[in-house]
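**Q** Mind looking over this structure? Questions follow.
The values are calculated or read from the model by the stated rules, or taken from the named source; none is laboratory data. Just so you know, these numbers come straight off a predicted model, no measurement behind them. Quick reminder, even Gly has a Cβ in these numbers, built from the backbone with ideal geometry, and neighbours come from all protein chains shown. Note: accessible area is taken over every heavy atom of the protein model, side chains too, but ligands, DNA and RNA are not part of it. Shrake-Rupley method; radii C 1.70, N 1.55, O 1.52, S 1.80 Å.
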Amino acid sequence: MFWLRGVELALILEQFLFSSDAAEELKGAIAEKNHELVYLYDTNLVDEIWKESRPKPPNKPIRVHDLKYAGVDVASKLSSLRSELISAGSSAIVVSMLDEVAWLLNLRGNDVPHSPVMYAYLVVDVNGAKLFIDNSKVTPEVMDHLKNAGIELRPYESILSEIESLAAQGAHLWLDTSSVNAAIINTFMSACDRYFGSLKNKSKNNTKTCDGFNGQSGGPTGVYRMSPISLEKAVKNHAELEGMRNSHLRDAAALAQFWVWLEEEIQKDVVLTEVEVADKLLEFRSKQAGFLDTSFDTISGSGANGAIIHYKPEADTCSAVDAKKLFLLDSGAQYIDGTTDITRTVHFGEPTARQIECFTRVLQGHIALDQAVFPENTPGFVLDAFARSSLWKIGLDYRHGTGHGVGAALNVHEGPQSISFRFGNMTPLQKGMVVSNEPGYYEDHAFGIRIENLLCVKDADTPNCFGGIGYLGFEKLTFVPIQSKLVDLSLLSVAEIDWLNDYHSQVWEKVSSHLGNHFLLFLHIRCMCMGSML
């Protein structure tokens, strides 16, 4: 929102909607053009327009994430966090990332579509913790859970008052400026200025001052560092990984049932839209134990729509699924014990030679990343080229990252880890992290191809340990067949053919017990070994 003032452009920023880093970046960018960024403090101009017609905030109850899925109790997580605070010379931390709040407190919510989180802030100090949330969402069970963990409840809208109070007490406040909003950062900085201004006046009057928050002296200060919760959450414990493995098998069963239904409908020449197909997949998933929601809007793209990387079909404008074109389906689910994300590309008729070659090269990239072995402390961007190499050999590529972090019964996209050509992310991949493996190829106005599984980083058994460090590899979490008629065996090495056969053997072994007889034939046919043509 902006207005013209003389020759200047004044841009008004609603501080709660931008992280501090994003606001500062915007401020610097517009200053280069002699424009000014103006922060809103007490007024939200959108609210002034909305007035009484503003939608009510979500108020569905939150729930306890059972310890058998969380793996570590809240007290242990808070103890670990407090150790981090002390090591950093901090007395308290503001946690504003919703998935970090949910993970730290072993809670889950319903405030954000596809993500089991709730709107809340959390302030943790070395002696206690306060959760800022709409109290109407807190059930008696959740209240007992929080009390047992020593968590006090505060009104959601009182967070800025708490920040001012912390500054007045001289807190050394840990703030992650990449995620904490500009309102909190600016409130704390202003409160610090007031504190030191008051201190100066007291000094003039020879008034004795006392130690600050939790006995720390020197007055309030910001400890500006990345949240320590981000990395700890990304490295899954045994229970979280077991939940991910189990939920992926149930998800694979739902997908097998879905593909049987879709192929039968296509063979009967039933006209189905992309939205109808996505809705039917949701129906199959919803019958699985522990299903809660989709983990993102399903990307159901037939033909040219599959070339739109983040395509979302709409009921009034979407296409029908065309049996003579490639069909790309990228979907995922939230289960009580895990989060899934999978993409498969299929053809219901006869694919062209071009489509087969492109699909095979995407598959080769998928296999190369799946089989990668790499030393500890390797950042994800180092592995990105593994997935692109086969495409590069014929001058092809794709315009998105190869892998993103995935939460355990949490957000389907999480950091700090990634596998991407964007080499600025130096976060090393660590044992227990979950990432996607999703190379693709997209031919504008024609077709799209993507093959996606989720992987877990694990120890690799290597005959050597050069440099005295360990080596890592990947464990597959996703077990859904890859359509064999889209594969040109003549392009594959013997090792790549063996990988595909072994993968399908694992699919059969792990998923067949979850299916009834009607669906076993489909799985058996899809998992049949492919003979070598070399």
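**Q** Suppose the chain between T378 and Q506 were pulled fully straight at 0.36 nm per residue; how much longer would it get relative to their current alpha carbon spacing? List each step's numbers first, then the result.
**A** Details: separation 128, 0.36 × 128 = 46.08 nm, distance 2.83 nm.
Once the chain is fully extended between T378 and Q506, it gains 43.3 nm.
**Q** How high is the FRET efficiency from A460 to D498, r the C-beta distance, R0 25 Å, rounded to 0.05? Write out the running numbers ahead of the final one.
**A** Numbers: r = 18 Å, r/R0 = 0.72.
FRET efficiency, A460 to D498: 0.85.
**Q** Taking the Cα centre as origin and putting +1 on Lys and Arg beta-carbons and -1 on Asp and Glu beta-carbons, what dipole magnitude results for the chain, to the nearest 20 debye? Please list the in-between numbers first.
**A** On the way: 47 positive and 67 negative charges, 188 e Å.
Charge dipole, the chain, about its Cα centre: 900 debye, nearest 20.
**Q** Something else: Which percent of Cα-Cα pairs in the range 293-410 sits in each 10 Å bin, short to long?
**A** 12, 34, 37, 16, 2, 0
**Q** Relative to the compact-globule scaling 2.2 N^0.38 Å, provide the ratio for the alpha-carbon radius of gyration of the range 409-534.
**A** For the range 409-534, the normalised Cα radius of gyration comes out at 1.28.
**Q** Accessible area per residue of the chain at 1.4 Å probe, in Å²?
**A** Numbers: 24380 Å² over 534 residues.
Per-residue value: 46 Å².
**Q** Return the FRET efficiency for the residue pair D397, Q371: r is the Cβ-Cβ distance, R0 is 22 Å, and the value is rounded to the nearest 0.05. Spell out each step's value before the answer.
**A** Working: r = 21 Å, r/R0 = 0.95.
About 0.60, to the nearest 0.05.
**Q** Still on this model: Grab the Cα-Cα distance for A446 and N246, subtract it from 0.36 nm times how many residues apart they are, and report the gain in nm with one decimal. Spell out each step's value before the answer.
**A** On the way: separation 200, 0.36 × 200 = 72.00 nm, distance 3.67 nm.
My answer for the length gained is 68.3 nm.
**Q** I need to check one value: relative contact order of the range 323-382, counting alpha carbon pairs closer than 8 Å and at least 6 residues apart, in percent.
**A** Details: 42 pairs, mean separation 17.0, N = 60.
Here the relative contact order equals 28 percent.
**Q** To test your reading of the geometry: what angle, between 0 and 90 degrees and rounded to tens, separates the Cα axis of helix 159-168 from the longest principal axis of the chain?
**A** So the helix axis and the longest Cα principal axis differ by about 50 degrees.
**Q** Expected output is a single nm value to one decimal: the length gained when fully extending between E263 and V46, i.e. 0.36 nm times separation in residues minus the C-alpha distance. What is it? Intermediate values should be presented prior to the final figure.
**A** Details: separation 217, 0.36 × 217 = 78.12 nm, distance 4.78 nm.
That pair, E263 and V46, stretches by 73.3 nm at full extension.
**Q** Suppose a student asked you for the relative contact order of the chain, using Cα pairs under 8 Å spaced at least 6 residues apart; what percent would you report? Each step should come with its number before you reach the end.
**A** On the way: 1075 pairs, mean separation 64.0, N = 534.
That works out to 12 percent.
**Q** A further question on this structure: Which of rounded, prolate or oblate describes the range 18-101 when judged by the alpha-carbon gyration tensor and an a/c cut-off of 1.5?
**A** oblate
**Q** Same structure again: So, with +1 on the Cβ of K and R and -1 on the Cβ of D and E, and no other charges, what is the size of the charge dipole of the range 252-338 about its Cα centre, to the nearest 20 debye? Please report the intermediate quantities before stating the final value.
**A** Working: 7 positive and 15 negative charges, 38 e Å.
For the range 252-338, the charge dipole is close to 180 debye.
**Q** For K431, project a label point 7 Å along Cα to C-beta. Then give me every residue of the range 360-384 with its amide nitrogen under 16 Å of that point.
**A** Only 373-378 pass the distance filter.
**Q** Work out which GluC sites (Glu not before Pro) in the chain are exposed loop sites (DSSP not H, G, I, E or B, at most 11 other Cβ within 10 Å) and give the longest gap free of them. Before the final figure, lay out each step's value.
**A** On the way: sites that count: E32, E314.
It works out to 33-313.
**Q** For the pair K68/E314, report the inter-label distance in nm, with labels modelled 7 Å from Cα in the Cβ direction.
**A** 4.4
**Q** Same structure again: Roughly to the nearest percent, how much of the accessible area of the chain is carbon and sulfur, given a 1.4 Å probe? Present the calculation step by step, with values, prior to reporting the outcome.
**A** On the way: 12970 of 24380 Å².
Answer for the chain: carbon and sulfur cover 53 percent of the accessible area.
**Q** Relative to the first principal axis of the alpha-carbon coordinates of the chain, what is the inclination of helix 182-204, with its axis defined by its Cα atoms, in degrees from 0 to 90 and to the nearest 10?
**A** Tilt relative to the chain: about 20 degrees.
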